[in-house]
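*Asks:* This is the structure I want to talk about, given as structure tokens.
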Amino acid sequence: MAQFVPVEPFNLVIFGGTGDLSRRKLLPALFHRWRDGQIPEGSRIIATARTQMSVKEFRGFARKACEAATDAEAWDAAGWKAFEALIDYQPLDATAEGADWAGLAGRLNQEIALNVYYLATAPRLYVDIAAAIDAAGLATPSSRLVLEKPIGTDLASARAINEGVCAHFAEEQIYRIDHYLGKETVQNLMVLRFANRLMEPVWNRTSVDHVQITVAEDLGLEGRAGYYDRSGALRDMVQNHLLQLVCLTAMEPPATLEGDDVRTEKIKVLKSLKRFTPELARSATVRGQYSAGLVGGEKARGYLEELGEDAQSDTETFVALKTGIENWRWAGVPFYLRTGKRMSARWSEIVIAFKPVPHSIFGETRTEANRLVIRLQPDEGVRLYLQIKEPGPGGLRIKSLPLNLSYAENFMLRYPDAYERLLMDVVRGNLALFMRRDEVEAAWSWVDGIIAAWGENESTPEPYPAGSDGPVSAALLMDRDGRSW
Ligand code: BG6
């Protein structure tokens, strides 16, 4: 049985309460936590947005959102009624003169000291909203501010956001979300590495040949063309999710799991990432953009067609790159990363590819090197490929087979969505799974180097058919090194 520790009562204000994130993730996450008994009586969830809407209308919106995110047979209408009583709505144009802050303040449960402000808005509004919360007298020392990614579009804009919000909230009050850190399987990375004696002695350049990280999506733009075309795969996925996976795979054991210990280890990895020059970017990065193709047997339009008639764009929907971590543990070990939209399937995994045995006593019989495959989604689990003698006569045959630790077979749980864990961590004041200011900036500093190199090289993305595994050059990136994805 899953165990849920109730948190303290809280007021949660969602700015951008009628937006996509609120509808798809935040409201359902809160509903599921409430249904599991984790959210105590007295807590309030107050959505705000510019839209003029009554509380009743907003509750209707929230109900639709939560029903859509809950299995039909698990939907509990009576339970919803009780949850709905926690939900309130305040129309508010947070950055406008004369906005009704008193109205918002009046909806907070004044007996509760913990106010959480979740900015689920466009990042360009973060600083102004933080300032307005402060001016309204609501930035109390016990309040917390949650910022969604992306924090900026480059180092300069990320710094401006960080400086702007830090003028109104202390760093310890700011929770920068990267929802990958809330995924069960991503957290399991730390357990796998640091709760198993077997891992540490081989988790380094002596035994590891290379590391591969793939985050593949079969979806395309999903109505986000405006944002995505200005961003592209490097900014949208690599700067945050993939680099976080690199950090958790490569970091040293933290002293404890408390906030700053984990974050301090992660930033050391970011600072040790090999920087790209234009020359290196030419040989060690691949940009792709999907063209029309078949995804899961269905016709899918190309990126430009999805953007609209006669659209022109050099935005990449796929990135693959080879990098390295310049420190004692990882010197000389390549890290290959790739991510893309409209690929053949949705799958995310980390592969630790070990070196072959130093000497084979099996003569002509081929043996493969060990691989540890950490599957983040779907089919969550861990597979360790070992060499096994195939039974029977007829000479020695060796097979590579996995020890398979499947989540689905071992745990009969519904996996909580990443946002469920992260929202409750904000309420608990647990900063470990959130990005610190210097972490975000270090990640941008590295990504800015790639963007500058692409600019200097006048690079354009290579087409790949929707439903494939990316451009040919991505396969060649590994092939040249005698390896494969
Ligand atoms: C978001 C990106 O941060 O992560 C999206 O902006 C992407 O483009 C999404 O689709 C992927 O998240 P998940 O949890 O579905 O792997």
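The values are calculated or read from the model by the stated rules, or taken from the named source; none is laboratory data. Treat the numbers as computed from the prediction; the structure is a model and nothing was measured. Every residue, glycine as well, gets a Cβ built from its backbone with ideal geometry; the counts of neighbours run over all protein chains shown. Only protein heavy atoms, including side chains, enter the accessible area calculation; ligands, DNA and RNA are left aside. Shrake-Rupley method; radii C 1.70, N 1.55, O 1.52, S 1.80 Å.
*Asks:* Work out the charge dipole of segment 364-485 with +1 on the Cβ of Lys and Arg and -1 on the Cβ of Asp and Glu about the Cα centre, then indicate which of Gly449, Ser484, Ala474 is farthest towards its positive end.
*Replies:* Checking the options against the dipole of segment 364-485, the answer is Ser484.
*Asks:* Sort Arg375, Arg205, Arg35, Arg124 from largest to smallest accessible area, using a 1.4 Å probe on the heavy atoms of the protein chains.
*Replies:* Greatest to least solvent exposure: Arg124, Arg205, Arg35, Arg375.
*Asks:* In the chain, carbon and sulfur make up what percent of the accessible area (probe 1.4 Å)?
*Replies:* 52
*Asks:* Nothing charged except the Cβ atoms of Lys and Arg (+1) and of Asp and Glu (-1): what's the magnitude of the dipole of segment 222-311 about its Cα centre? Round to the nearest 20 debye.
*Replies:* 400
*Asks:* Run lengths n ≥ 4 of DSSP H only: what is the helix-derived mean residue ellipticity at 222 nm for the chain, with -39500 (n - 2.57) per run over all residues, to the nearest 500?
*Replies:* It lands at -9500 deg cm²/dmol.
*Asks:* Considering amide H positions built from the backbone, and no H for Pro or chain starts, which residues 5 or more places from Asp100, or on another chain, come under 5 Å of its amide H?
*Replies:* HN-HN under 5 Å from Asp100: Asp93.
*Asks:* Per residue, what accessible area does the chain have, given a 1.4 Å probe and all protein chains present, in Å²?
*Replies:* 46
*Asks:* Summing +1 for each Lys or Arg and -1 for each Asp or Glu, what net charge is found among the other residues whose Cβ lies under 14 Å from the Cβ of Asp479?
*Replies:* Result for the neighbourhood of Asp479: +2.
*Asks:* To continue, here is another question. Run the dipole for segment 352-446 about the Cα centre, Lys and Arg Cβ at +1, Asp and Glu Cβ at -1, nothing else charged, and hand back the magnitude in debye, nearest 20.
*Replies:* 340
*Asks:* If you average the C-alpha positions of segment 239-260 and of segment 408-452 separately, how far apart do those two centres end up, in angstrom?
*Replies:* Going from one Cα centre to the other spans 10 Å.
*Asks:* Considering only C-alpha atoms, what is the centroid distance from segment 185-205 to segment 112-177, in Å?
*Replies:* So the separation of the two Cα centres works out to 34 Å.
*Asks:* Given contacts defined as C-alpha pairs under 8 Å and at least six residues apart, what's the relative contact order of the chain, whole-number percent?
*Replies:* 18
*Asks:* Report, for the chain, the % of DSSP beta bridges that are antiparallel, rounded to 5.
*Replies:* Bridges in the chain are about 55 percent antiparallel.
*Asks:* Rounding to the nearest 20 debye, state how big the charge dipole of the chain is about its Cα centre with +1 on each Lys and Arg Cβ and -1 on each Asp and Glu Cβ.
*Replies:* So the dipole magnitude of the chain works out to roughly 1120 debye.
*Asks:* In whole angstrom, note down how far apart the Cα centers of segment 285-318 and segment 463-485 are.
*Replies:* 17
*Asks:* Over the Cα atoms of segment 8-150, Rg to Rh with Kirkwood Rh, two decimal places?
*Replies:* Rg divided by Rh gives 0.95.
*Asks:* Based on the mean of other Cβ atoms within 10 Å per residue, sort peptides 37-44, 104-111 so the most packed one is first.
*Replies:* Descending mean neighbour count gives 37-44, 104-111.
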